[in-house]
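> Input: one structure, supplied below.
The values are calculated or read from the model by the stated rules, or taken from the named source; none is laboratory data. Quick caveat: nothing in here was measured; it's all calculated off a predicted structure. Every residue, glycine as well, gets a Cβ built from its backbone with ideal geometry; the counts of neighbours run over all protein chains shown. Remember, those area values only see protein heavy atoms, side chains included, never the ligands or the DNA or RNA. Shrake-Rupley method; radii C 1.70, N 1.55, O 1.52, S 1.80 Å.
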Amino acid sequence: MAIHGRTPCQGERAILNLTDSDIAQASASTLASSAEQASDDAISAEIQSGLNAEARHINPKYFYDEYGSQLFDQITQLDEYYPTRTEITILTRFAEDIARATGRGSVLLEPGAGSCAKVRLLLEALAPACYVPIDISREFLFAAAQQLQSEFPHIPIHPVAADMQADIQLPDNLDGIPRMVFYPGSTIGNYTPAEAVEFLRHVRRTIGDNGGLLIGVDLQKDPAILNLAYNDAAGVTAAFNRNCLSNINTLTGANFDPERFRHIAFYNESEHRIEMHLESDSRQSVVIGGQSFDFKESERILTEYSYKYTVESFAQLAAEAGLHAREHWVDEHQLFSLQYFTAS
Ligand code: AVJ
């Protein structure tokens, strides 16, 4: 890959403690094609186990094949879907203030960086010693990193194709430089609180004793706003939800008919989460990897949780992972938050 301004940060793959086979496994052009690398059997087995469970479910990662990623991009532009534009407003407005709070010149790591769009809003202010975007989709990530490098020639950029949970070891020349993990998008909301703590503990191990975490967290609010955000009038979220079934058909040869499942999304107030389900419009059977699954009329498959927090409830969760709340920034309507934590 041609990356300009090669610096010590851009060592071969010294930055990660991965074997060649880890890297081969983690590298793919899209989430879907990475899933394709796992054998059809392994994916079938994962889908089967979710549908054999007491509460039938499908992992939300199956939303994101190429078409699903396009649909998500459309969602971010809907009037009803406030999170993306609100987070961008916060990042733009408070970039200097964020940099003052976090300090400058750290090694900036971004799990699931994708197109590296949001970090652009912070790079000038944060002036990192090195920016390390991490993503499972190798081709996409490296193209995005190359583009970013041409826009920010003075900031060393070192893309790493890996799973978010990979153990990251920085090369010796970056020893002693504080690390900061940037995790925007409220992706953390897809995890249950217990899973979120597990992820945050992984972040805590990655950043060490003098590192930090800057994370985007969607906030609890009027349920009417939340219900609209996941039930848009144009039906893009419904198409996004159903698309996981088309993707599973492609990946496993299953015979879901997406049109025979209704999009259901609602805010569960006691659990503080949006739930998305696919609801069978009638009795039907679907064959996946040779196993047949019967659906009753109106039977549901859970496809996504999107947990909403208060600044305080999220800080409490982070504390369980050894992360201490330092500062936070919200928009004027308190729809969304950016929160900064340190390890000590
Ligand atoms: C990408 C997980 C942040 O939970 O709002 C958008 C995904 N699902 N509309 C979210 C999503 C339905 C989104 N996250």
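> For the range 147-158, enumerate the residues that are touching a residue at least 40 places away in the same chain (Cβ under 8 Å) and either over 17 Å from Pro128 (Cα atoms) or open to solvent by less than 60 Å² (accessible area, probe 1.4 Å) (or both).
Step one: list which residues in the range 147-158 are touching a residue at least 40 places away in the same chain (Cβ under 8 Å), which gives 149-150, 153-154, 156-158.
Passing the criteria: Gln149, Pro156, Ile157, His158.
> When residues of the range 303-330 are filtered for being more than 17 Å from the chain's Cα centre (by Cα) and of a type in the set (Ser, Thr, Tyr), how many remain?
So the count comes out to 2.
> Which pairs have Cβ atoms under 7 Å, sit 6 or more apart or on different chains, and link a residue in the range 185-200 that is at positive phi to one that is within 12 Å of the ligand (Cβ to nearest atom) and hydrophobic (A, V, I, L, M, F, W, C)?
Close Cβ pairs (under 7 Å, with a partner that is within 12 Å of the ligand (Cβ to nearest atom) and hydrophobic (A, V, I, L, M, F, W, C)) amount to Ser186/Val217.
> From the list His328, His277, His272, His324, which one is closer than 23 Å to Gln74 by Cα and touching a helix residue (DSSP H, G or I) at 6+ places or on another chain (Cβ under 9 Å)?
Exactly one residue qualifies, and that residue is His277.
> Within the range 264-289, how many residues turn out to be open to solvent by less than 10 Å² (accessible area, probe 1.4 Å), aliphatic (A, V, I, L, M) and more than 15 Å from Phe240 (Cβ to Cβ)?
Going through the range 264-289, the residues open to solvent by less than 10 Å² (accessible area, probe 1.4 Å) turn out to be 274, 276, 278, 280, 286, 288.
Filter again for aliphatic (A, V, I, L, M), leaving 274, 276, 278, 286, 288.
Now drop any that are not more than 15 Å from Phe240 (Cβ to Cβ), which leaves 286, 288.
The number of residues fulfilling the criteria is 2.
> When you look at Ser270, is it under 30 Å from Ser337 (Cβ atoms), more than 16 Å from the ligand (Cβ to nearest atom) and assigned to a loop (DSSP other than H, G, I, E, B), yes or no? Explain how you work it out, then say what you get.
Working: under 30 Å from Ser337 (Cβ atoms): yes; more than 16 Å from the ligand (Cβ to nearest atom): yes; assigned to a loop (DSSP other than H, G, I, E, B): yes.
Yes: the conditions hold for Ser270.
> If you don't mind, another one. For Gly211, are the conditions met, namely being more than 14 Å from the ligand (Cβ to nearest atom), open to solvent by less than 30 Å² (accessible area, probe 1.4 Å) and of a type in the set (Gly, Ala, Ser)?
Details: more than 14 Å from the ligand (Cβ to nearest atom): yes; open to solvent by less than 30 Å² (accessible area, probe 1.4 Å): yes; of a type in the set (Gly, Ala, Ser): yes.
Criteria met by Gly211.
> State yes or no: is His333 within 16 Å of the ligand (Cβ to nearest atom) and either more than 20 Å from the chain's Cα centre (by Cα) or open to solvent by 30 Å² or more (accessible area, probe 1.4 Å) (or both)?
On the way: within 16 Å of the ligand (Cβ to nearest atom): no; either more than 20 Å from the chain's Cα centre (by Cα) or open to solvent by 30 Å² or more (accessible area, probe 1.4 Å) (or both): yes.
No; evaluated as a whole, the condition is false for this residue.
> Give me a count of the residues in the range 180-194 that are among the β-branched types (Val, Ile, Thr), within 11 Å of the ligand (Cβ to nearest atom) and open to solvent by less than 40 Å² (accessible area, probe 1.4 Å). Spell out the reasoning first.
The first filter runs over the range 180-194 and keeps only residues among the β-branched types (Val, Ile, Thr), leaving 181, 187-188, 192.
Add one more test, that the residue is within 11 Å of the ligand (Cβ to nearest atom), and what stays is 187-188.
Of the ones still in play, those that are also open to solvent by less than 40 Å² (accessible area, probe 1.4 Å) are 188.
Looking only at that region, the number is 1.
> Continuing with the same structure: Pairs please, first residue from the range 83-99 and free of Cβ contacts under 8 Å to residues at least 40 places away in the same chain, second anywhere and within 16 Å of the ligand (Cβ to nearest atom) and part of a helix (DSSP H, G or I), Cβ atoms under 9 Å, 6+ apart in sequence or on different chains.
Hits for this filter: Arg85/Thr76.
> Anything in the range 296-313 that is touching a Leu at 6+ places or on another chain (Cβ under 9 Å) and not in a loop (DSSP other than H, G, I, E, B)? List them, or say none.
Keep residues of the range 296-313 that are touching a Leu at 6+ places or on another chain (Cβ under 9 Å), which gives 300-303, 306, 308-311.
Those that are touching a Leu at 6+ places or on another chain (Cβ under 9 Å) and not in a loop (DSSP other than H, G, I, E, B): Arg300, Ile301, Leu302, Thr303, Ser306, Tyr309, Val311.
> Would you check if Ser280 is touching a residue at least 12 places away in the same chain (Cβ under 8 Å) and hydroxyl-bearing (Ser, Thr, Tyr)? Full working, then the answer.
Values: touching a residue at least 12 places away in the same chain (Cβ under 8 Å): yes; hydroxyl-bearing (Ser, Thr, Tyr): yes.
Spelling it out, Ser280 is indeed touching a residue at least 12 places away in the same chain (Cβ under 8 Å) and hydroxyl-bearing (Ser, Thr, Tyr).
> Tell me which residues, restricted to the range 195-208, are open to solvent by less than 50 Å² (accessible area, probe 1.4 Å) and either touching a Gly at 6+ places or on another chain (Cβ under 9 Å) or within 12 Å of the ligand (Cβ to nearest atom) (or both). If you could, list the steps in order and put the result at the bottom.
The first filter runs over the range 195-208 and keeps only residues open to solvent by less than 50 Å² (accessible area, probe 1.4 Å), leaving 196-197, 199-200, 202-203, 206-208.
Correct list: Ala196, Leu200, Val203.
> Within the range 243-267, which residues are in a helix (DSSP H, G or I) and either on the phi > 0 side of the Ramachandran plot or within 12 Å of the ligand (Cβ to nearest atom) (or both)?
Passing the criteria: Asn243, Cys244.
> With the condition kept exactly as written, say whether any residue in the range 290-304 is under 15 Å from Asn52 (Cβ atoms), of a type in the set (Asp, Glu) and open to solvent by 60 Å² or more (accessible area, probe 1.4 Å).
Yes.
> A follow-up question, please. Look through the range 37-63, keep the residues that are open to solvent by 50 Å² or more (accessible area, probe 1.4 Å) and not in a helix (DSSP H, G or I), and return whichever of them is farthest from Phe140 (Cα to Cα).
Going through the qualifying residues, I end up with Glu54.
> Separate question: Return only the number of the condition from (1) farther than 26 Å from Arg179 by Cα; (2) surrounded by fewer than 19 Cβ atoms within 10 Å (Cβ to Cβ) that Ala95 does not satisfy.
(1)
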